[in-house]
Amino acid sequence: MLDIPANVWQRVVKSSLWRSIFRHGYPDSRKNQSLAVFTNVFLHLHPVKVRRHALAIPYTWCMGGLSFFLFLALTLTGVLLMFYYRPTENFAYQDIKDLETVVVFGQILRNMHRWAAHGMVITVFLHMIRVFYTGSYKPPREFNWVIGTLLWVITLILSFTGYLLPWDQLALWAVTVGTNMVGATPMIGGEILYLLRGSLEVSGNTLLRFYVLHVVGLPLIAGFVMAIHFWRIRKDGGISGPL
Amino acid sequence: MIRPDPHREGVAARLRRRQLLRLGVLGTVLLFLAEFGGFFTGLGTLLPGFFRPLKTEAFGGKIDAGINVADLMQFFKNNNDAPYLNTPGRFFIIHPEANRIMAIYRKCTHLGCTVPWNAGEDQFHCPCHGSLYDKHTAVVKGGPAPRPLDVFPITIQGGAITVDTNPTTDLQRTHYDPQQATAVS
Amino acid sequence: MAPIRGPQPLPGQERRLRLLAFVKQDSVVRVDKRIEDTAMVWPHLLVIEFIAAMLFTGGLFVIGALVNAPLQDVSNPDHTPNPSKAPWYFLNLQELLLHMNPALAGVIVPTIAIVALMAIPYVDTSRMGVGTYFHSRKGRQIVVFSIVFTIAILYLLVTADALMKASQLAPITFGVFSGVHLPGTTKPGLYLPFFPQGYAAWADLHLPGGKSFIPDMIIPTGVMLFFPVVLVLLVKRIWHADRREWMIALFTGFITTYLLLTFVGTAMRGQGMDLFVPWNVPPPLP
Ligand code: HEM
Ligand code: FES
């Protein structure tokens, strides 16, 4: 229906502009398929070939990949929310209300951000379960399992810091209860609690601290640790499989 | 151990020197990291750090109770000794016995919920796990709370009541004792 | 000078270096080499990833359009709602808090759990069973057994704790015994006749260290050490489990505990964090 005339297509792919962007032909040959993957910064996290069973959805459940996907979705929706949200005692709650009532598509963005965050907690947990039951933590992947556990903890903390931001009753008391647990640390509990909250009880300072951690600190850390995680998957020989 | 060994020569002696250097580098890095950490966190209440601002909100410092002694005593008289609430300071002033007052931190000693005054039951009743505290002395009457509500020190000057609301230095007690309360003349 | 080995550049081309472009199949990155069939990432893997991403985007959009994120009244430090709960993924920890010393529940146990998780590959170092689910038929049976074992023990412990802490003053109904009136109390519900003032109050009077020592520290620590050991011994006894297999038992016990406590904290705790049956939890007070 919408066939591009062959000569136009030829002209386009032979143009110097096109060839400055893509250094390979249409990926229908093995060579071009390989080049397509490893000359592309986004795709080159992948190897050029994978073992066939690694494609099996019943094997990986795609959970690692989907965790990463949700992380990206959260980044996108989160940045959009940041355009309207001010992390102070006086504005935070009202800004969320405004997002819901006066910002076009604000409510759905907020919902997507919220549910994706819950979803990521679930997918990361399922991913850990599948990695364990398939024995994929065994040598040479020991260290990647450690990195993974770290990612799990970071995911939980990311979610938790975000929980305070709406500054409603749910947020305030969930975080009060949650941080009180940290305060139970023997000896240094009170000190940690103060550093975390920036005040003696949950207050505007806490809101700002959690905000900075939630939108900058923890995503950066998570990004770095994920980079290590993905790098190690390849260096450890790709997805695990039967010996 | 670190001095060059006179019995060894050449590579062996030099290796020791390398160890010294290595220790030095390691030490410097550790010291740097410690300083870096210290800069951010400070060291307890002794040393301030970046994340430990010198001044925060009103709560935690000395707060005026918002009522003078005479009015407070009148308040107790009119309300059958119901506690007087100060919201920014997060404390109640209670009336344990004649001519004594006491400021108590309204944070449940169990898991930190805000303890409200329950006028119907004539006692403090924590909503979270049901700890009960006495109307006059705030000692535990029931529930999981491990100890009575904590006491903030009170100073009275010319009828004005000032309460030191720092929860890290408040008085934690096991029972009521008149010493804990402040006398009003 | 050491002799030069390997292929030499042609004269005049010494500086023309090029990084690896194509690497043969069993290249440097493959740690374990074996013969098998492979698939090109483009298109086979990328298609799967693309479809998964599209499904999730669509799904997320639909959920976002249908279900609104909660937003309650503006925060009010003067008013604690009843019950006050942490986010659901921390309710397992909050549940632990109800049963033991706060330092134990909030800090020590989670820290140990995470370190133990990280240590798994350094304990189970064999490479047996990589790439297949549950290792073997035996492994599958062990998983089922561990789940059943953990659920049974946990429910027993949680219920027993709630019963023991009930008292004449505050009997417990679990949401189903509101018709029961025991002698010695005006309120409906159950309590243990030999602890009329509740186990915690009894411990305060009669046990060394009061309620904060034996009931809050010694017993929970004992329970948390005892049952995992029993589980491992059982699977060793019944299935002659090897290290991978008892590791499966322990990990299954861990995630079952994790999920079950999350469930108890989310769906079975009502006002005052009292225990209820999931279908009869009273609504929270605002
Ligand atoms: C932010 C969280 C995480 C992301 C985005 C992530 C991502 C991924 C991805 C994309 C893979 C490729 C295979 C697959 O999809 O199953 C993978 C593999 C792996 N992950 Fe994760 N992961 C995360 C957390 C974890 C956790 C919590 C663990 C374990 C404690 C873990 C341990 C591993 C291991 C050992 C592998 C190699 C598995 C194999 O070779 O079969 N990861 N991860
Ligand atoms: S926090 Fe008040 S009873 Fe638990």
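Overview of results
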item	result
Order by protection proxy (mean Cβ within 10 Å, highest first), peptides A:228-236, B:146-154	B:146-154, A:228-236
Exposed-loop-free span, longest in chain C, where GluC sites (Glu not before Pro) count as exposed if DSSP calls them loop and at most 15 other C-beta atoms lie within 10 Å	C:37-286
Shielding score for C:103-111, defined as the mean number of other chain Cβ atoms within 10 Å	4
Highest-first arrangement of B:176-183, C:82-89, where packing means the average Cβ count within 10 Å	C:82-89, B:176-183
Convex hull projection area averaged over all views, the stretch B:62-183, Cα basis, nm²	6.8 nm²
Over chain A, relative contact order from alpha-carbon pairs under 8 Å, at least 6 apart, %	19 percent
Qualifying lysines (Cα of each under 24 Å from Cα of A:LYS31; at least 8 residues distant if same chain)	A:LYS14, A:LYS49, A:LYS235, C:LYS24, C:LYS33
Folded to 0 to 90 degrees: helix C:46-66 orientation relative to chain C principal axis, Cα	30 degrees
Chain C, relative contact order [Cα under 8 Å, separation at least 6], %	23 percent
Contact order relative to length of the stretch B:62-183, as percent, for alpha carbon pairs under 8 angstrom and 6 or more apart	26 percent
In sequence order, calculated HN-Hα J values of the stretch A:151-163 (Karplus, 6.51, -1.76, 1.60; Hz; x Gly/Pro)	4, 4, 4, 4, 4, 5, 5, 4, 4, 5, 5, x, 4
Under 5 Å, built H, 5+ apart or other chain: amide partners of B:ASP122	none
Candidate lysines - alpha carbon under 28 Å from B:LYS141, same-chain residues fewer than 8 apart omitted	B:LYS77, B:LYS107, C:LYS85, C:LYS165, C:LYS187, C:LYS211
Neighbourhood charge, 11 Å Cβ-Cβ cut-off, centred on C:ASP242 and excluding it, Lys, Arg +1 and Asp, Glu -1	+2
Average other protein chain Cβ within 10 Å of Cβ, residues B:101-108	1
Amide H partners (placed H, <5 Å) of B:LYS141, local residues excluded	B:LEU132, B:TYR133, B:ASP134
Computed log₁₀ I(q)/I(0) - Debye formula, equal Cα scatterers, no solvent, the stretch C:83-280, q 0.12, 0.14 Å⁻¹	-0.70, -0.90
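Laboratory data are not the source of any read-out in this text; all were calculated from the coordinates shown. Fair warning: this is a prediction, and the values are worked out from it, not measured in the lab. A quick note on method: Cβ atoms are made from the backbone with ideal geometry, for glycine too, and the neighbour counts reach across all protein chains shown.
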